[in-house]
Amino acid sequence: MKPMQRLYPKLRLHATVRGPRGITVEQAVSRAAVEIDSWSDTAFEHIDAAIGDLRGMTSMRGQAIAPGDVFKKSEVIVNLAGHFSPPLCKAAQSLCNLARKSLEGAAFDPGAVKVHVESMVLLRALGAGDSAAAAAILDGLQAVVAKAR
């Protein structure tokens, strides 16, 4: 039996870094960060639209809110907010967890969804940074999800 052999993919970044006029890893990371940051306006447009859709769902009295729809919209926020606003991402992840519990058979509380959505609106107004206020909001949302049965 032949010994196990490791295969390493040929990546363009390796060639760029190792080349005679290559760049350092720090330069590559810096360039990538600048490129990602250039997408923040577009990302926040989509985030704001998803929050608006969730607000619309929670404002319709007498109509049931589908946990699957809540999950899909909050997942959009999770996917986009991670780099730009970690607290907002965590709040959306909390809402995903709440919706997932409902999809798995737990009772679905529209009030808990509304609390999450309004918390995301507040976190969006606070800005992208981690703060004591954001931490308190996230702790409260975690407690709401923990109570879901």
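The table below lists the values:
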| read-out | value |
| --- | --- |
| Qualifying positions in the range 38-65 - among the acidic types (Asp, Glu) and at pLDDT 95 or above | Glu45, Asp48, Asp53 |
| Residue that is modelled with the highest pLDDT [pool: residues in the range 102-120 that are among the charged types (D, E, K, R) and over 18 Å from the mean Cα position of the chain (by Cα)] | Glu104 |
| Boolean, Lys10 is surrounded by fewer than 18 Cβ atoms within 10 Å (Cβ to Cβ), in a loop (DSSP other than H, G, I, E, B) and over 16 Å from the mean Cα position of the chain (by Cα) | yes |
| Unique residue being closer than 27 Å to Ser131 by Cβ and either among the β-branched types (Val, Ile, Thr) or in contact with a Ser or Thr (Cβ under 9 Å, 6 or more places away or on another chain) (or both) when the list is Ala92, Ala49 | Ala92 |
| Flag if Ala133 is of a type outside the set (Ser, Thr, Tyr), over 21 Å from Ile36 (Cβ atoms) and touching a helix residue (DSSP H, G or I) at 6+ places or on another chain (Cβ under 9 Å) | yes |
| Per-region count, the range 32-84, residues without any contact (Cβ under 8 Å) to a residue 24 or more places away in the chain, surrounded by 15 or more Cβ atoms within 10 Å (Cβ to Cβ) and in contact with an Asp or Glu (Cβ under 9 Å, 6 or more places away or on another chain) | 2 |
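Let's see how each residue does on (1) in contact (Cβ under 8 Å) with a residue 24 or more places away in the chain; (2) more than 15 Å from Ile65 (Cα to Cα); (3) among the polar types (S, T, N, Q); (4) surrounded by 14 or more Cβ atoms within 10 Å (Cβ to Cβ):
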{"residue": "Lys90", "(1), (2), (3), (4)": "yes, yes, no, yes"}
{"residue": "Phe108", "(1), (2), (3), (4)": "yes, no, no, yes"}
{"residue": "His116", "(1), (2), (3), (4)": "yes, no, no, yes"}
{"residue": "Met120", "(1), (2), (3), (4)": "yes, yes, no, yes"}
{"residue": "Leu123", "(1), (2), (3), (4)": "yes, yes, no, yes"}
{"residue": "Gly127", "(1), (2), (3), (4)": "yes, yes, no, no"}
{"residue": "Ala133", "(1), (2), (3), (4)": "no, yes, no, no"}
{"residue": "Leu141", "(1), (2), (3), (4)": "yes, yes, no, yes"}
{"residue": "Val144", "(1), (2), (3), (4)": "yes, yes, no, yes"}
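The values are calculated or read from the model by the stated rules, or taken from the named source; none is laboratory data. The structure presented is a predicted model; accordingly, all values stated were derived computationally and were not measured. Note that each Cβ is placed from the backbone with ideal geometry, even for glycine, and that neighbours are counted across all protein chains shown.
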